[in-house]
Amino acid sequence: MKINIENIGSIRKKIRVSLPSEQVEEKRNSVFREIMGGVNIKGFRKGKVPRHLVESMYGKEVDQETASNLVSETLSEVLSERSLVPLTRPDITEMDEVKIGEEFTYSAEFEVMPEFELSTYSSIPVKKTVLKVTEEDIDDEINKIRERSAHSKPIEEDRPAREGDYVYVDYKGTFEEGGTIDDLNKQNVRFLLGEKQFSPEFEENLLGKKIGEETEFSVSYPEDFLIPEAAGKTVKFSVKVNDIHYRIVPELNDDFAKDLGLENIAELRKDIKQQFERINENEQLSSMRKQIVDNLLLNNQFDIPPSLLEMEQENLKSRFISDMKREGVSEPEIGEDLVPKFAEKATESLRTSIILSRIAKEENVKVTRKHINEHIEDLANSYNIPLDQVHKAYEQQGDIEQLNIESKLKTQRVLDLLLEKAEVEEVVPDPIQIDKE
């Protein structure tokens, strides 16, 4: 058997196989015997029809079956022998006719993973931003917790609404050109004055109003307003104040800390600091991993097989539609403006996966059953779910989910390895940037 392999670009190969005449004749005889055994011709017993008669009647069919068998039986052997892994089913582009005493030759083309020279990855430069948790940070977070823990009571004195009060109102909004929509007509809606959750103008017109008082005013909304029908329009409102509650923010003392499950304020401050440090560390790890991936993408250029790209785009679209349905969109559609974004995201995802897989092979990074079990155990602890329930859920999802876990863990282990090898430079952030964040 003669084998010739030709590269057609970096992601496609052509293989040409020539089989010796002896092998062709042997296979043709085998096919002929099978056909002969089932031929029925009047005047001859089954299986006893003369060969020349069968040849005249079924010769073409025998040749076609022989060619098909030769290709199917030898192609997988050739691919295995030459360590070739097609990404798609090979296309038979050329195939000789079967002729006694002559070689039989066929050609097949198929996509393969891209071949490229892997860039150096032992000392990738990354920057780690050093963030310190200050007492001010802790004070701000405690104040936010107190604000979230606030409750309210109806006012007892006869006074108007002021900033910091909760007001309960009925309102109806009408467009200047007439007409209204449901979002502009609500009953007994609660607003926290000063929070500006609906519109600064709307809340300003409620300041100074008493229980039972009615008022009218107009509000002009910006083009990016959250209610599309009102965006860029002016709405005239009729509003009635039903009730006013004053807001009670809990005092900052040990009792407040105990309500949160901690012993005292000192423990609360310590807990908040540890949370911030964990968040900062996780954010920096994420940032450094992204820097490593960006470096690898920049320094390893290659083509993506069209079949993989198409499959990844379809996967991204399916996940997008599933996410939209979970958000309550019954019939999500993918607009033409999103198509290029899916292609870009799919390309980046595949390139990253291919590069990290190459590094995993170079570094012999593997994921064992132990690693998968530890991952599942961590998930169970994180969500406070019994371990056996999590195992059962993954078993029900089958082998595909197991492969997904294995792939994610291998990626994580490769990135951790690269981070260990990286040249990490600690930098102090710009105070202006910290304020923006």
**OP:** Could you run the Karplus curve 6.51 cos²θ - 1.76 cosθ + 1.60 with θ = phi - 60° over the range 242-249 and give me ³J(HN,Hα) per residue in whole Hz, x for Gly and Pro?
**Re:** 8, 7, 9, 10, 8, 9, 10, 8
Original post:
Among L70, I3, P228, which residue has its Cα positioned farthest towards the positive end of the charge dipole of the chain, with +1 placed on the Cβ of Lys and Arg, -1 on the Cβ of Asp and Glu, and the dipole taken about the Cα centre?
Top reply: L70
**OP:** Mind running the shape call on the range 151-248? Use the C-alpha gyration tensor, a ≥ b ≥ c as the square roots of the eigenvalues: rounded below 1.5 for a/c, prolate if a/b tops b/c, oblate otherwise.
**Re:** prolate
Original post:
Between S152 and E374, what is the spin-label point distance in nm, taking each point 7 Å from the Cα along the Cα→C-beta axis?
Top reply: 5.0 nm
**OP:** Mind checking which lysines have their Cα closer than 26 Å to the Cα of K258? Skip sequence neighbours fewer than 8 apart in that chain.
**Re:** K144, K153, K270, K273
**OP:** Divide by every residue of the chain the summed helix terms, -39500 (n - 2.57) for each DSSP H run of at least 4, and state the resulting mean residue ellipticity at 222 nm, rounded to the nearest 500 deg cm²/dmol.
**Re:** -16000 deg cm²/dmol
**OP:** Please work out the Cα convex hull volume for the range 2-111 and give it in Å³ per residue.
**Re:** 101 Å³
Original post:
With r defined as the distance between the Cβ atoms of K408 and N4 and R0 fixed at 45 Å, what FRET efficiency is calculated, to the nearest 0.05?
Top reply: 0.65
**OP:** Grab the Cα-Cα distance for I227 and N143, subtract it from 0.36 nm times how many residues apart they are, and report the gain in nm with one decimal.
**Re:** 27.2 nm
**OP:** Rank S21, S107, S199 by mean-square fluctuation in a GNM of the chain with C-alpha springs under 10 angstrom and give only the top-ranked residue.
**Re:** S199
Subject >> Approximate spin-label separation Q64-K317, in nm, with each point projected 7 Å along Cα-to-Cβ >> reply: 3.6 nm
**OP:** Can you figure out the FRET efficiency of N188 with S286, using R₀ = 51 Å and their beta-carbon distance, to the nearest 0.05?
**Re:** 0.70
Original post:
Roughly speaking, what is the centre-to-centre gap between the range 173-241 and the range 48-126 when only Cα atoms are used, to the nearest Å?
Top reply: 72 Å
**OP:** Can you find, among S287, H391, M36, the residue farthest towards the positive end of the dipole of the chain? Put +1 on the C-beta of Lys and Arg, -1 on that of Asp and Glu.
**Re:** M36
Original post:
Hey, can you rank 7-19, 242-254 by average C-beta count inside 10 Å, highest first?
Top reply: 7-19, 242-254
Subject >> Net dipole in debye of the range 2-111 [+1 Lys, Arg Cβ; -1 Asp, Glu Cβ; about Cα centre; nearest 20] >> reply: 500 debye
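Multiply the residue gap between D303 and I334 by 0.36 nm, knock off their C-alpha separation, and tell me the result in nm, one decimal place.
Extra length from D303 to I334 when fully extended: 8.6 nm.
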Original post:
What length, rounded to one decimal in nm, is gained on full extension from T215 through to E117, with 0.36 nm per residue of separation minus their alpha-carbon distance?
Top reply: 28.0 nm
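For a Förster distance of 41 Å, can you work out the FRET efficiency between the beta-carbons of F175 and E327, rounded to the nearest 0.05?
0.90
None of the figures in this text is laboratory data; all of them are computed from the coordinates on show. Being a predicted model, the structure only gives us computed values, none of them experimental. Glycine also receives a Cβ, built like all others from the backbone with ideal geometry; neighbour counts cover every protein chain displayed.
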